[in-house]
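**Q** Have a look at this one.
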Amino acid sequence: MQKNEIEIRLKKLKAELKKVELIAVSKYSEIEDVVRAYECGQLSFGENRVSDLEIKAEYFKNNNLNDVKWHFIGHLQSNKARELLKIPGLYAIHSVDSLRLLEELLKKEHEFKGSELKIFFQINTSHENEKSGFESMDELKKAVQLLLTRTDSKLKIEGLMTMGAIRTEDVKASALKSFRDLKAIREQLSITFGLSHLKLSMGMSGDYKEALAEGADYIRIGSLIFK
Ligand SMILES: *Cc1c(COP(=O)(O)O)cnc(C)c1O
């Protein structure tokens with residue numbers, strides 16, 4: 001892609017998003033396009049496969065582009081936790097989808113070389129089978145509880161993540177429902193744990209306007225920037 005085109009798209013989105021954090025999802029992109037976006041001032045990028053993220057993060061590190069923030073947004077298998085934690089510039093994991101995965105990350109956290117790693121719990125608000133995410137409030141509360149008791153951990157709870165349904169008649173209406181459900185879950189957690197400011201990671205190319213209207217803090221956009 002032309003750098004110029006990436007720049008125009010980023011500018012337009014940023015104007016719409018204002019203070020909401022834009023994560024440029026680079027999973028479909030060649031490294032050249034990611035670098036072009038970086039040169040336009042975009043620092044936060046999202047990837048959904050550990051091996052792809054590894055290659056891109058190494059490239060940035062080797063070229064001394066050290067202020068980049070990598071967000072992992074894909075399903076993470078427990079046996080890849082170690083590999084992910086070692087990646088330079090890893091900033092957040094949006095897809096912690098089970099208590100077991102959180103335990104694995106805590107067990108391997110010595111591999112993480114940064115000072116703090118933001119953790120989002122992914123919630124399966126659309127209840128589609130192929131989607132990951134907590135389904136049980138009880139398990140979610142156990143995970144939140146565990147992370148909160150580990151005050152010496154570099155893993156810090158940042159918020160909740162979700163995705164709208166794909167197989168539905170009305171994508172935008174079901175996205176809205178998912179986003180509202182996510183807010184309701186945040187409310188429940190805030191009552192249970194006295195947490196006041198869990199952030200919401202929600203909204204993609206097809207439904208980011210709905211996410212903005214519902215008060216998203218992080219929006220993850222790929223196609224609208226890179227395709
Ligand atoms: C791919 C992906 C996105 C971005 O999707 P687009 O529709 O291309 O904007 C956002 N979040 C997750 C979890 C993804 O896997």
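**Q** When you go through ARG167, ARG220 one by one, which is the residue that is in contact with a strand residue (DSSP E or B) (Cβ under 6 Å, 6 or more places away or on another chain) and not small (Gly, Ala, Ser)?
**A** None of the others qualify; the one that does is ARG220.
**Q** Considering ARG49, ARG9, which residue is within 16 Å of the ligand (Cβ to nearest atom) and either open to solvent by less than 80 Å² (accessible area, probe 1.4 Å) or in contact (Cβ under 8 Å) with a residue 60 or more places away in the chain (or both)?
**A** Testing whether each residue is within 16 Å of the ligand (Cβ to nearest atom) and either open to solvent by less than 80 Å² (accessible area, probe 1.4 Å) or in contact (Cβ under 8 Å) with a residue 60 or more places away in the chain (or both) leaves just ARG9.
**Q** How many of the residues in segment 151-166 are assigned to a strand (DSSP E or B) and either open to solvent by 30 Å² or more (accessible area, probe 1.4 Å) or of a type in the set (Asp, Glu) (or both)?
**A** 3
**Q** Go through segment 68-150 and tell me which helices (runs of 4 or more DSSP H), entirely inside it, have 1 or more residues that are open to solvent by 30 Å² or more (accessible area, probe 1.4 Å), of a type in the set (A, V, I, L, M) and out of contact with any Phe, Trp or Tyr (no Cβ under 6 Å at 6 or more places or on another chain).
**A** 99-107, 137-149
**Q** Does ALA24 fit the bill of being crowded, with 20+ Cβ neighbours inside 10 Å, more than 25 Å from GLY206 (Cα to Cα) and under 18 Å from the mean Cα position of the chain (by Cα)?
**A** No, not satisfied.
**Q** Another question about this same structure. Just one of the numbered conditions (1) surrounded by fewer than 19 Cβ atoms within 10 Å (Cβ to Cβ); (2) within 13 Å of the ligand (Cβ to nearest atom) is not true of SER196; which one?
**A** Unmet for SER196, out of (1) surrounded by fewer than 19 Cβ atoms within 10 Å (Cβ to Cβ); (2) within 13 Å of the ligand (Cβ to nearest atom): (2).
**Q** Quick one: ALA81 ticks every box in (1) within 12 Å of the ligand (Cβ to nearest atom); (2) touching a Leu at 6+ places or on another chain (Cβ under 9 Å); (3) among the aliphatic types (A, V, I, L, M) bar one, so which box is it?
**A** For ALA81, the failing item is (1).
**Q** Between a residue in segment 56-80 that is without any contact (Cβ under 8 Å) to a residue 24 or more places away in the chain and under 30 Å from LEU99 (Cβ atoms) and any residue that is within 16 Å of the ligand (Cβ to nearest atom) and open to solvent by less than 20 Å² (accessible area, probe 1.4 Å), which pairs come within a Cβ distance under 9 Å, given they are 6 or more apart or on different chains?
**A** Once the first residue is without any contact (Cβ under 8 Å) to a residue 24 or more places away in the chain and under 30 Å from LEU99 (Cβ atoms) and sits in segment 56-80, its partners that are within 16 Å of the ligand (Cβ to nearest atom) and open to solvent by less than 20 Å² (accessible area, probe 1.4 Å) give GLN77/VAL50; GLN77/LEU101.
**Q** Report yes if some residue within segment 184-203 is under 14 Å from the mean Cα position of the chain (by Cα) and without any contact (Cβ under 8 Å) to a residue 40 or more places away in the chain; otherwise report no.
**A** Within segment 184-203, one or more residues are under 14 Å from the mean Cα position of the chain (by Cα) and without any contact (Cβ under 8 Å) to a residue 40 or more places away in the chain.
**Q** Residues to consider are ILE225, ILE185, ILE219, ILE191; find the one that is more than 14 Å from the ligand (Cβ to nearest atom), surrounded by 14 or more Cβ atoms within 10 Å (Cβ to Cβ) and on the phi < 0 side of the Ramachandran plot.
**A** ILE185
The values are calculated or read from the model by the stated rules, or taken from the named source; none is laboratory data. Not measured: the values here are computed from a predicted model. Using ideal geometry, Cβ is built from the backbone for each residue, glycine included, and neighbour counts are taken over all protein chains shown. Side chains are part of the model used for accessible areas, which takes the heavy atoms of the whole protein and leaves out ligands, DNA and RNA. Shrake-Rupley method; radii C 1.70, N 1.55, O 1.52, S 1.80 Å.
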